Amino acid sequence: MGIRVTDISKSYKNVKALKGITFDVKEGELFGLIGPDGAGKTTLFRILTTLLFSDEGEATVAGYDVVLDYKDIRQSVGYMPGKFSLYQDLTVEENLNFFATIFGTTIEENYDLIKDIYIQIEPFKKRRAGQLSGGMKQKLALSCALIHKPKVLFLDEPTTGVDPVSRKEFWEMLKRLQKKGITILVSTPYMDEAALCDRIALIQDGGILEIDTPESIVHKFPKALYNIGANNMYQLIRSLNNYEHLYSVYPFGEFVHYADKRPAFNIADLAQYLDAQGLKSFSIEPTKPTIEDTFMELAKK
Amino acid sequence: MKRFIGFIKKEFYHIFRDKRSLFILFGMPIAQILLFGFAITNEINNVDIAILDHSKDASTQEIINKISASKYFTIEQFITREADIEDAFKKGKIKAVLNFEKDFSKNLIKEQRATLQIISDATDPNTANTITNYISSILKNYEQSKNRSIELDYQVIPETRMVYNPELKSVFTFVPGVMTIILMLVSAMMTSISITREKELGTMEILLVSPIKPFQVIIGKVVPYIFLSVINAIVIVILSIFIFKMPVQGSLFLLGAESVLFIIASLALGILISTISETQQTAMMISLMGLMLPVILLSGFIFPISSMPEPLQVISHIIPAKWFIVIIKGIMLKGVDISFLWKESVILIGMTILFIGLSIKKYKIRLE
Amino acid sequence: MKENNVIEAEELTKEFGAFTAVNAISFEVKKGEIFGFLGANGAGKTTAMKMLIGISKPSSGKAKVAGFDVYAQAESIKKNIGYMSQKFALYDDLTVKENITFFGGIYGLSRARIKEKTKHLIMELGLDGIADQLVGSLPLGWKQKLSFSVSLLHEPKIVFLDEPTGGVDPITRRQFWEMIYKSANQGTTIFVTTHYMDEAEYCDRVSIMVDGRIEALDTPKKLKAQFNVDNMNDVFLKLARG
């Protein structure tokens with residue numbers, strides 16, 4: 001009853017946007033599609049919201065077929081496209097009223113569902129949507145997508161271009177909506193947001209790399225991982241790249257994440273090597289892989 | 001129905017909050033009609049002319065007096081030799097020279113014909129034409145007065161005939177054209193822009209993924225502009241009646257009905273344009289290049305269709321504006337009724353149905 | 001100006017009518033440093049950066065960039081800085097080579113120099129096979145890397161990067177940061193404006209703007225220690241919530 005996607009493919013002219021994607025979203029689940037720009041997330045959303053036909057494969061949303069029952073889907077899903085898509089020249093209240101009307105409902109009727117989101121922007125209800133800050137726009141867009149009590153909510157990169165405070169609040173809101181029984185499919189390029197979903201699909205170049213819970217996904221990283229820091233980042237990366245036992249090295253903020261080919265890795269060996277390379281005040285410490293580490297590991301193959 | 005009304009309400013918000021579209025909607029019609037009425041005109045006033053009078057007799061004097069008494073001409077100089085004509089033109093001020101032949105009066109009485117040569121500066125052919133026409137009608141007037149008093153049958157030398165616009169007021173011929181352009185522009189361009197704007201903003205995506213039906217979206221887009229275009233048409237007619245003293249000979253009701261028909265045809269064209277353009281910019285370009293230019297050039301608004309080459313005449317038939325201009329000229333200037341205009345009206349109705357059919361067929365319920 | 005500093009701002013302020021977009025900010029950026037300039041949308045980052053790159057006159061305060069005064073020597077500043085933004089980078093309808101040639105021309109490089117740079121750049125980025133392809137047909141990550149290299153064509157002292165890696169895939173993003181480390185290592189100063197906090201983690205020092213003021217300025221490590229959290233995102237959350 002949530003979402004079922006079977007072997008969906010889609011090409012534009014000469015680009016394969018989706019290459020045989022299959023996954024299920026259970027009813028009431030908060031499911032994340034995690035991947036960079038151009039991975040095919042938006043195309044998938046458009047197929048599921050009946051805006052595009054797929055070339056191959058089948059999909060159902062809330063039990064309705066995306067091709068045959070497109071009218072039913074349009075009645076029962078909420079959709080927030082990647083770009084802020086409300087009327088900038090209409091006020092907050094007018095936007096919400098408009099979307100309520102075209103879905104054949106009123107703000108009052110479903111107020112309980114949007115209440116804790118809308119209450120935050122209600123003081124600005126006479127302000128034009130174009131003059132809202134990024135975070136407020138996003139809250140308004142979510143309110144509009146929810147106004148008709150959808151069974152399934154599609155959110156295409158809702159947090160892109162939004163500051164960290166608003167991002168955090170946004171995810172808290174999603175968690176609360178999920179408790180009200182709404183199935184949510186959300187996409188994001190931010191790996192750190194993946195941890196907040198029930199299950200995630202890592203997606204790149206139109207294909208799914210892995211589907212699982214965030215906790216299980218990080219366990220799929222095949223090696224032990226180390227945080228290495230040093231006085232000169234550039235030299236550190238160069239030296240590690242030349243190290244004969246290197247499995248992978250990626251900069252991660254002020255450190256690099258390093259994995260070694262050998263099953264029995266000796267920190268002292270590496271320390272000696274780095275010292276010989278002229279690096280100073282370096283540190284080598286074991287660390288836990290993140291979703292991003294797993295993503296890169298899977299994407300390499 | 002509630003959905004539909006909600007949609008229309010939203011459209012009005014858009015229109016009234018966008019200064020640019022408000023200006024196009026209401027500023028432009030007024031500006032255009034005043035521009036065409038006052039500035040771009042075929043009328044002449046106080047044009048400087050020169051006289052070369054070889055006979056200097058009573059008749060020539062009388063004609064010269066008549067001409068200089070009219071508000072159209074000022075006699076700037078008298079010249080005495082043919083050789084000076086070119087000089088007079090080169091100095092630049094004069095637009096025409098009247099050359100009376102020798103023994104003008106004598107010839108007029110003896111042979112019942114005399115020749116007056118009108119030499120005009122054709123660098124501006126329109127003005128030259130008008131000057132010639134005006135002088136001719138003054139001469140005709142003179143002949144008539146002569147004939148009546150002396151009861152002799154003089155031959156009419158210059159032959160001109162002006163009907164329907166006896167005062168030769170060019171604003172009268174421009175009003176139907178300007179009205180056509182404005183209705184077309186406002187209706188077609190504004191609807192196509194307002195639909196493509198939703199595509200550009202991404203709101204079309206949300207509308208598609210909602211229970212509102214495509215035809216509700218289209219009709220919802222169209223209704224406000226029918227309303228505004230009708231207001232525009234009324235403003236234009238009022239302006240032409242009260243500022244330019246243009247007579248409306250035929251039925252105002254018929255004029256209104258035909259205007260609504262043309263507005264609907266233009267709106268349908270606008271929707272058709274929006275189905276083939278993805279951005280507001282494209283919609284605007286297609287509206288301007290595809291609609292404005294043909295309307296100005298091929299509808300008979302500025303260049304008479306009868307003097308166009310055959311292929312262009314054929315093309316002019318498929319331009320809705322051409323038929324509308326025929327219709328409103330008929331109603332406003334000739335005062336004819338529907339029995340004379342049914343053919344044009346039927347053609348317009350046919351075109352409207354075709355455009356609506358095409359846009360419904362082309363309108364996408366998905367993004368591709 | 002101190003020997004080592006390439007940017008010095010003192011009480012730099014920009015007012016728009018009654019609204020103070022940038023409120024007396026002071027900071028220094030050293031040669032070869034990767035400096036993160038953070039803040040939420042509307043915190044004043046863009047306005048501040050516009051003053052530093054010489055396209056907006058400050059209301060008051062002092063600032064020197066690459067040794068030039070922002071009031072009197074804006075033109076000299078423009079010649080000595082590079083700029084790259086995710087929104088505007090390269091022309092999609094020109095090929096890789098044409099883009100390089102075009103931007104080389106804009107920065108006033110000689111023909112021979114452009115040729116040499118083009119060759120070098122194509123080799124370094126591994127673009128051999130696709131140098132004559134339209135930039136529009138390249139994957140986003142490649143565009144980003146090319147665009148960064150193009151902003152370095154005229155060997156500027158400072159490069160301003162505006163949200164350079166938002167939305168890029170994680171591997172390409174790391175390759176991108178390796179390129180940044182390399183140029184910084186060669187002495188180019190990197191000035192990154194962003195509101196993506198994970199980009200901030202890569203910087204040597206970061207400043208965080210809130211409502212027109214710089215509320216924090218230090219290395220990511222010290223900031224995290226100061227606020228007792230384990231990532232920059234939480235530093236930002238704590239600052240923004242007061």
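What follows is calculated from the coordinates using simple rules that are stated; it is not laboratory data. As the structure is a computational prediction, the values presented were derived from the model and not from experiment. With ideal geometry, Cβ positions are generated from the backbone for all residues, glycine too; neighbour counts draw on all protein chains shown.
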Dipole magnitude of segment A:225-300 about its Cα centre, charges +1 at Lys/Arg Cβ and -1 at Asp/Glu Cβ only, in debye to the nearest 20?
-> 100 debye
Can you give the angle from 0 to 90° between the axis of helix C:140-151 and the longest principal axis of chain C, with both taken from C-alpha atoms, to the nearest 10?
-> 80 degrees
Residues C:Glu116, A:Glu94 in order from fewest to most other beta-carbon atoms within 10 Å are C:Glu116, A:Glu94
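Relative to the present Cα-Cα distance, how much length would full extension add between A:Ala224 and A:Ile107 at 0.36 nm per residue of separation? Each step should come with its number before you reach the end.
Values: separation 117, 0.36 × 117 = 42.12 nm, distance 5.32 nm.
Contour length minus the Cα-Cα distance gives 36.8 nm.
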Computed label-point distance, nm, for sites C:Asp69 and B:Ile5 using a 7 Å Cα→Cβ extension = 6.7 nm
Helix-derived mean residue ellipticity, 222 nm - over chain A, DSSP H n ≥ 4, -39500 (n - 2.57), to 500 | -10000 deg cm²/dmol
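Please average, across the residues of A:242-254, the number of beta carbons from any other chain that are within 10 Å of each residue's own beta carbon, and give a whole number. It would help to have the intermediate numbers written out before the result.
Values: counts 0, 0, 0, 0, 0, 0, 0, 2, 7, 10, 6, 13, 9.
That average works out to 4.
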Can you tell me the 0 to 90 degree angle between the C-alpha axis of helix A:164-179 and the longest principal axis of chain A, rounded to 10?
-> 60 degrees
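By count of other Cβ within 10 Å, fewest leading, how are A:Ser133, B:Ser187, B:Ser59, B:Ser339 ordered? Don't skip to the answer; put the middle values down first.
Values: A:Ser133 15, B:Ser187 27, B:Ser59 19, B:Ser339 6.
The order, fewest Cβ neighbours first, is B:Ser339, A:Ser133, B:Ser59, B:Ser187.
From the C-alpha coordinates alone, can you work out the Kirkwood hydrodynamic radius of segment C:91-155, in Å? Intermediate results must be reported in sequence, preceding the final value.
On the way: mean 1/r = 0.0867 Å⁻¹.
Kirkwood radius, segment C:91-155: 11.5 Å.
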Chain A, relative contact order in percent, only Cα pairs under 8 angstrom and at least six apart counted | 20 percent
Under the 7 Å Cα-to-Cβ spin-label approximation, A:Asp192 and B:Met308 lie apart by a distance in nanometres of 6.6 nm
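Over the protein assembly as shown, what portion of Cα pair distances is larger than 49 Å, expressed as a whole percent?
Values: 177095 of 414505 pairs.
Value for the protein assembly as shown: 43 percent of Cα pairs lie more than 49 Å apart.
With an 8 Å cut-off on Cα pairs and a minimum separation of 6 or more residues, tell me the relative contact order of segment C:115-242 in percent.
On the way: 108 pairs, mean separation 20.9, N = 128.
RCO, segment C:115-242: 16 percent.
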In segment B:318-364, the trypsin sites (Lys or Arg not before Pro) that sit in a DSSP loop and have at most 13 other Cβ atoms within 10 Å of their own Cβ are B:Lys364
Ratio of Rg to Rh over segment A:225-300 (Cα coordinates, Kirkwood Rh, two decimals) = 0.93
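Please give the contour-minus-distance gain from B:Lys56 to B:Phe78: 0.36 nm per residue of separation, less the Cα-Cα distance, rounded to one decimal in nm.
Values: separation 22, 0.36 × 22 = 7.92 nm, distance 1.12 nm.
Value of the extension gain: 6.8 nm.
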Amide H proximity to C:Ser85 below 5 Å, modelled H, separation 5+ or other chain, gives C:Asp162
Rule-of-thumb check for chain A: C-alpha Rg over 2.2 N^0.38 Å?
-> 1.18
Proportion of all alpha-carbon pairs of chain C beyond 32 Å (%) = 21 percent
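Cut-off is 10 Å between beta-carbons; in what order do B:Leu367, B:Leu272 appear when sorted fewest neighbours first? Numbers along the way, then the final one.
Details: B:Leu367 14, B:Leu272 24.
Fewest-to-most ranking of B:Leu367, B:Leu272: B:Leu367, B:Leu272.
Report, as an integer, the average count of C-beta atoms from other chains found within 10 Å of each Cβ along C:199-207. Don't skip to the end; give the middle numbers.
Numbers: counts 1, 1, 5, 5, 2, 2, 0, 0, 0.
Whole-number average of other-chain Cβ neighbours for C:199-207 is 2.
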Segment A:126-187 and segment A:252-297: distance between their alpha carbon centers, rounded to Å = 39 Å
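Quick check: residue separation of C:Ser59 and C:Ala225 times 0.36 nm, minus the Cα distance between them. What number comes out in nm? Walk me through the intermediate numbers first.
Values: separation 166, 0.36 × 166 = 59.76 nm, distance 3.53 nm.
Contour length minus the Cα-Cα distance gives 56.2 nm.
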Percentage relative contact order, segment B:1-104, counting C-alpha pairs under 8 Å, at least six apart = 32 percent
Separation in nanometres of the label points that stand 7 Å from Cα toward Cβ, at B:Ile243 and B:Ser145 | 3.6 nm
Please work out the C-alpha center-to-center distance from segment C:201-217 to segment B:55-94 and express it in whole Å.
-> 86 Å
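Tell me which DSSP H helices of chain B clear both cut-offs, 24 Å or more of axial length from alpha-carbon atoms and a mean Kyte-Doolittle hydropathy of at least -0.5.
Numbers: long enough: B:125-150 (37 Å, -0.87); B:214-242 (42 Å, 2.12); B:252-276 (36 Å, 2.28); B:338-362 (35 Å, 1.36).
TM-like helix candidates: B:214-242, B:252-276, B:338-362.
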Rh (Kirkwood, all Cα-Cα pairs) for segment B:229-368, Å, reads 16.4 Å
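Note the direction-averaged projected area, equal to a quarter of the hull surface, for the Cα convex hull of segment A:69-183, in nm². Please list the in-between numbers first.
Working: hull surface 26.9 nm².
Orientation-averaged projected area of the Cα hull: 6.7 nm².
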Non-local residues with an amide H under 5 Å from the amide H of A:Tyr247, with H modelled 1.01 Å from N and Pro and chain starts lacking one, are A:Ala259, A:Asp260, A:Lys261
Which percent of Cα-Cα pairs in segment B:9-144 sits in each 10 Å bin, short to long?
-> 10, 33, 23, 10, 9, 8, 5, 2, 0
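Let me know the longest stretch in chain C that avoids all chymotrypsin sites (Phe, Trp or Tyr not before Pro) found in a DSSP loop with at most 15 other C-beta atoms within 10 Å.
Details: sites that count: C:Tyr71, C:Phe88, C:Tyr91.
Counting only loop sites that pass the neighbour cut-off, the longest clear stretch is C:92-242.
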Please give the helix C:111-124 orientation as an angle from the longest Cα principal axis of chain C, in degrees from 0 to 90, rounded to the nearest 10.
-> 80 degrees
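Take the alpha-carbon positions of segment A:179-282, form their convex hull, and give its projected area averaged over all directions (one quarter of the hull surface) in nm². If you can, show how the numbers build up before the last one.
Working: hull surface 35.3 nm².
It is 8.8 nm².
Using the Cα centre as the reference, give the magnitude of the dipole from point charges on the C-beta atoms of segment A:174-301 (Lys, Arg: +1; Asp, Glu: -1; all else neutral), rounded to the nearest 20 debye.
In debye, rounded to 20, segment A:174-301 gives about 340.
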Running Debye on chain B with equal point scatterers at the Cα sites and no solvent, what base-10 log of I(q)/I(0) appears at q = 0.08, 0.10 Å⁻¹?
-> -0.55, -0.74
Evaluated at 4 °C with a viscosity of 1.567 mPa s, what Stokes-Einstein diffusion coefficient in µm²/s does segment B:324-368 have when Rh comes from the Kirkwood expression over alpha-carbon pairs?
-> 104 µm²/s
